[in-house]
Amino acid sequence: MGKTIAEKIIEQHLVSGEMKTGEDIGLRIDQTLTQDATGTMAYIEFEAMGIDQVKTELSVAYIDHNTLQSGFMNADDHRYIQSVAAKHGILFSRPGNGICHQVHYERFGIPGKTLIGSDSHTPTGGGLGMLAMGAGGMDVAVAMGGGAYHIPMPRMIFVELKGSLKPYVAGKDIILKVLSMLSVKGGVGAIVEYGGEGVKSLSVPERCTITNMGAELGATTSIFPSDEVTREFLKAQGREQDYRPLYSDPDAEYAERYTIDLDELEPLAACPHSPDNVKPVSELKGMKVDQVCIGSCTNSSLADMLKVANILKGKKIADNVSLSISPGSRQVYSMLAERGALTVLIDAGARVLECACGPCIGMGFSPNSGGISLRTFNRNFLGRSGTKDAQVYLVSPETAAASAIAGVFTDPTELAGSENDFFDVTMPETFRINDSGIIRPLPPEEAKDAVVLKGPNIKSFPETAPLADSITAELVLKVGDNITTDHIMPAGSRVLPYRSNIPKMSEFCFEVVDETFPERARKAGKGIIVGGVNYGQGSSREHAALVPLYLGIKAVIVKSFARIHKANLVNAGILPLTFKNPEDYDLLEQGQELSLSDIHQGLKDDELVLRAGDREIPLELDLSQRQKDMLMAGGLLDYTKQNG
């Protein structure tokens, strides 16, 4: 039987387990990346392991989330990360050098390599043919120390692309189409592979847009073949030696198959407040727009920006619209300037922001109250923009630019044939390469004496303890379906400066859902959370597990979990349980006293019984033996210390 692209890479990196769907497998990791919102905790955890130098082929620490240095906290954390990177063999990407995923596929991504990152959009690297996965910071720390990364062996999904895109229809529209077909939970436990003749017409940036938003499907990762298009991109980046052809075998088998005819695709938009709430732009035509944001790790490539400049050339944005532009990297920024496109963007009325995540994670440029914001980003969860009642739509750069000019939702295909071709948006033969924003680590002999610099905002890792055999606690919070990590632990300029201060971050936990939760959890001393379907979707931020740990949460019981968050709960030593009968969710009420007994035996049997008054509710555990051992130890950090 033939193999898929992902199966070939997994086979070459397998260090434990069998390649059978659902079985626990351990993978050797070639590369890691962190960003500053999650990286600080990852490096605190790495230091706790007592390892002198990283064991990976390449590890990079990016500063791209918290570049707004208001007060000392962000600057101190950036200094801490830089000093850790210098000491332990990690490349450091300065603030302003660019968004981690954009910079990584430009300068470091290699087809056929494995990559994990402490950011859920790490699968962006799949556009280059990498097996690139988002993970919790603790998993990244273990990988940097030479440990394997463990996941359940995914099932394989194949999406065949036929034909080619019409003018002003984009790679973003392809992934929005996939989201409309599979939903935000349709990719859970799966790797999505793209193939077919239509792939040849897509540039590497377009492919990376698609794999980036595979995270919104809940997929383990997404991947494209590494072909001649890939080779030409790497050659233009001065890295042709990194090219390796990668294709699936003709007789490869897939659990699911889907087909998209690119010739028939039209511009799409994800409507509030979920990336899979997709409608054609033609149905939204004429809706007044207040704000447009172009950028993020999804759509900030040179090609994206040049397409926007082509549309904006010689025009002004509407009086009622505020437009921001965030180039994805210093390379993109400098090439926009070199080609004159930056002047076009400025003259049109855009506010050009730093090469960083910015508005995507609520770090500035929040919409007005009740505002309609069109964003080329990947998530439109309630409140993520920084304005709770804002209506955020996810669109392509083409739709965003056309709508910014008109002041209302506009179908960009109406611009076809309007001679908007001032800038060549094909891949350049040579990119402008300047890696001055990357700082190399110290030589190992010098690193021994290097000092790691910690500011007063950096606090210790929350206390952990071995798993108790019984738990009696209050149901301190009951929530519904599709609770995101933004609901659990918000981002934004108020919260992210405290990312290395778990006690302070605890004040914001679940504030979008219930502002009283932190106080009630502290008062209870220990607690249990109950949730619905796809609990913990979205960002990989492990703070969504570490903060509940600090607040005394002992177990989370839901209808189903998102993959990364479930792993983060186990890493933190919190028991993740699912209802055997989903309808039993309706039997529980916030404030009830709940109890679990014989937990240790329950781990062996993969089932427990929850007692709520006179009711007995059966629960299930879907955990590997390694995860069970981690829970018994008190979490991944304790398990790693015990087992080396």
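The values are calculated or read from the model by the stated rules, or taken from the named source; none is laboratory data. All values reported here derive from a predicted model rather than from experimental measurement. Cβ sites come from the backbone with ideal geometry, for glycine too, and all protein chains shown count toward neighbours.
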For this session: Answer yes or no: is there a residue in segment 447-457 that is in a loop (DSSP other than H, G, I, E, B), among the acidic types (Asp, Glu) and modelled with pLDDT of 95 or more.
Result: no
For this session: Could you figure out which of (1) acidic (Asp, Glu); (2) farther than 26 Å from residue 295 by Cβ; (3) within 21 Å of the chain's Cα centre (by Cα) isn't true of residue 160?
Result: (3)
Exercise. Could you list, in sequence order, the residues of segment 576-592 that are more than 22 Å from residue 563 (Cα to Cα) and in contact with a Gly (Cβ under 8 Å, 6 or more places away or on another chain)?
Worked result: 592
Problem set entry | All helices (runs of 4 or more DSSP H) inside segment 1-95 with 3 or more residues being in contact with a Pro (Cβ under 8 Å, 6 or more places away or on another chain) | 72-88
Seminar exercise, completed: Subset of segment 114-152, residues assigned to a strand (DSSP E or B) and either polar (S, T, N, Q) or at pLDDT below 95 (or both), comes to 114
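To keep it simple, each residue is scored yes or no on (1) within 24 Å of residue 560 (Cα to Cα); (2) surrounded by 20 or more Cβ atoms within 10 Å (Cβ to Cβ); (3) outside the structural domain of residue 381 (by TED's automatic domain parsing).
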position: 194; (1), (2), (3): no, yes, yes
position: 219; (1), (2), (3): yes, yes, yes
position: 232; (1), (2), (3): no, no, yes
position: 253; (1), (2), (3): no, no, yes
Exercise. Which of the residues spanning segment 415-446 are under 15 Å from residue 307 (Cβ atoms) and part of a helix (DSSP H, G or I)?
Worked result: 415
Exercise. Given the structure, is residue 462 surrounded by fewer than 16 Cβ atoms within 10 Å (Cβ to Cβ), closer than 22 Å to residue 555 by Cβ and not polar (S, T, N, Q)?
Worked result: no
Exercise. Of the residues 292, 278, which single one is under 17 Å from residue 385 (Cα atoms) and under 23 Å from the mean Cα position of the chain (by Cα)?
Worked result: 292
Seminar exercise, completed: Taking segment 541-556 and keeping only residues that are touching a Lys or Arg at 6+ places or on another chain (Cβ under 7 Å) and either among the small types (Gly, Ala, Ser) or at pLDDT below 95 (or both), one is left with 543, 552
Exercise. When you scan segment 569-644 for helices (runs of 4 or more DSSP H) that lie fully inside it, which ones turn up with 2 or more residues that are at pLDDT 95 or above, of a type outside the set (A, V, I, L, M, F, W, C) and under 21 Å from residue 546 (Cβ atoms)?
Worked result: 625-633
Exercise. What pairs come up if the first residue lies in segment 249-274 and is within 23 Å of residue 409 (Cβ to Cβ) and at pLDDT 95 or above, the second is part of a loop (DSSP other than H, G, I, E, B) and small (Gly, Ala, Ser), and their beta carbons are under 6 Å apart, counting only those six or more places apart or on different chains?
Worked result: 262/163; 262/164
For this session: Restricting attention to segment 328-363, report how many residues are in a loop (DSSP other than H, G, I, E, B), within 26 Å of residue 438 (Cα to Cα) and touching a Leu at 6+ places or on another chain (Cβ under 6 Å).
Result: 1
For this session: For segment 1-30, enumerate the residues that are under 16 Å from residue 152 (Cβ atoms) and touching a Leu at 6+ places or on another chain (Cβ under 8 Å).
Result: 6, 10, 13, 14, 15, 25, 26, 27
Problem set entry | Among the residues listed as 133, 144, the single one being more than 23 Å from residue 244 (Cβ to Cβ), in the same structural domain as residue 49 (by TED's automatic domain parsing) and among the hydrophobic types (A, V, I, L, M, F, W, C) | 144
